[in-house]
Amino acid sequence: MTAANREEEALLAELRRIKKHYCGADAQLSVADAVYYECGLKEQRQLDVVLSLHQAIETYLASKSSLSRRSRAEYSTYLRRLLRLNPETGREKLADILPESWENILKTTFPTPSGRNKARRLLHGLYEHAIVHKWATRNSVRKVAVENEPERALCVLSSEKIKVMLQWLLHPKYMSIAPAVGFMLWDGLRPCDINRTRWEDIQRDLLPPALKRWLDKLPQQYHGPIAPANWHQQWRYLRQAAGLLPWQNDTLRHTYAVYHLKRYNNPNTLTQRFKHMNSRQIRQRFGHYPGISTEDAQQFWEGDAL
């Protein structure tokens, strides 16, 4: 018997085994039926490897090792809080938790709409990961509605507070973070933008006059990252020393937008920095902030206060 014949006999024997197992010895079973049943069995075996919510979260967090430390901390904080405050749910099978259960869990675990929306977004990623790995067949948080988040009041620095902050930044203790703060204040960069921006990325001739004048006051740098590795900690200490507490994370970004609109009255240019907003939304959000005069805005952008 040739090798091909032996392989054919082996396949026929396997089909007879499948036929007998699923349909009985006397039932008719085509090759297509056999393949269908066998594939179904394999899929069921994969679904039999069911993880609890706790196991799924820990496995999911382990898969995020390539993320930045800040992003990993965010995933860990939100998802492990779910486990800590809902230990019984943590022991349930991930695939068995219903959408209405998730609504109640999110409401009791996170006090604010923004917190619940963030947790929902992370759980959505967990379920999509679980579906790919056959831990679940459906995404149970997809039906949980995203909540409307009340808009926080703007926190914008006055001219006087900007001057105080800049004076502290010229102190040798804080001068290493002065370029990063300058780019947030006059170029609208977010802290996460600063983390990945290098001097090689900067086109100095395109910078605002005030930012150029600010950088001229600092030790010259031509290569490497704009901010040192531990700049978040130094930035927090500076705000405390300069009396700028309490502090909202987007204060410098909002300061940039308000002074920009007051000086140039052109919301279209701000859409490059605020890509989630159109020009009408930008004008509504930043165009009516009180207490900032046209003269303040002009001094801000020309760097007259430096």
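Going by the conditions given, is Arg263 under 16 Å from Leu185 (Cα atoms) and among the charged types (D, E, K, R)?
So Arg263 passes the test.
Do you know which of the residues in segment 41-67 that are at pLDDT 75 or above and among the polar types (S, T, N, Q) is farthest from the chain's Cα centre (by Cα)?
Per the stated criteria, the residue is Ser52.
Out of curiosity, is Arg91 exposed (fewer than 13 other Cβ atoms within 10 Å of the Cβ), farther than 18 Å from Glu147 by Cα and touching a strand residue (DSSP E or B) at 6+ places or on another chain (Cβ under 9 Å)?
Considered against the rule, which asks whether it is exposed (fewer than 13 other Cβ atoms within 10 Å of the Cβ), farther than 18 Å from Glu147 by Cα and touching a strand residue (DSSP E or B) at 6+ places or on another chain (Cβ under 9 Å), Arg91 comes out as yes.
If you go through segment 104-149, how many residues are within 23 Å of Thr59 (Cβ to Cβ) and in contact with a Pro (Cβ under 9 Å, 6 or more places away or on another chain)?
Residues meeting the conditions: 4.
Looking only at segment 68-88, count how many residues are over 22 Å from the mean Cα position of the chain (by Cα) and buried (at least 16 other Cβ atoms within 10 Å of the Cβ).
Looking only at that region, the number is 1.
Taking the condition of being of a type in the set (D, E, K, R), closer than 13 Å to Tyr78 by Cα and in contact (Cβ under 8 Å) with a residue 12 or more places away in the chain, how many residues in segment 102-121 meet it?
Number of matching residues: 3.
Residue-by-condition table, conditions (1) surrounded by 14 or more Cβ atoms within 10 Å (Cβ to Cβ); (2) under 30 Å from Leu51 (Cβ atoms); (3) touching a residue at least 40 places away in the same chain (Cβ under 8 Å):
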residue	(1), (2), (3)
Glu100	no, yes, no
Tyr127	yes, yes, no
Ile162	yes, no, yes
Met165	yes, no, yes
His171	no, no, no
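To keep it simple, each residue is scored yes or no on (1) exposed (fewer than 11 other Cβ atoms within 10 Å of the Cβ); (2) modelled with pLDDT of 95 or more.
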position	(1), (2)
Pro209	no, no
Asp216	yes, no
Arg239	no, yes
Asp304	no, no
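Can you work out which of the residues in segment 245-296 that are within 15 Å of Leu154 (Cβ to Cβ), in contact with a helix residue (DSSP H, G or I) (Cβ under 7 Å, 6 or more places away or on another chain) and small (Gly, Ala, Ser) is modelled with the highest pLDDT?
The qualifying residue modelled with the highest pLDDT is Ala257.
Pairs needed: first member in segment 75-90, farther than 16 Å from Ser101 by Cα; second member anywhere, of a type in the set (D, E, K, R); C-beta distance under 8 Å; at least 6 residues apart or different chains.
Tyr75/Lys64; Tyr78/Lys118
Please count how many residues of segment 280-306 are in a helix (DSSP H, G or I) and among the aliphatic types (A, V, I, L, M).
Looking only at that region, the number is 2.
Take the residues in segment 183-223 that are among the polar types (S, T, N, Q) and more than 24 Å from Lys275 (Cβ to Cβ), then tell me which one is farthest from the chain's Cα centre (by Cα).
Ranking the candidates gives Gln220 first.
The values are calculated or read from the model by the stated rules, or taken from the named source; none is laboratory data. These figures come from a predicted structure and were not determined experimentally. Because the Cβ atoms are built from the backbone with ideal geometry, glycine has one as well, and the counts that use them run over all protein chains shown.
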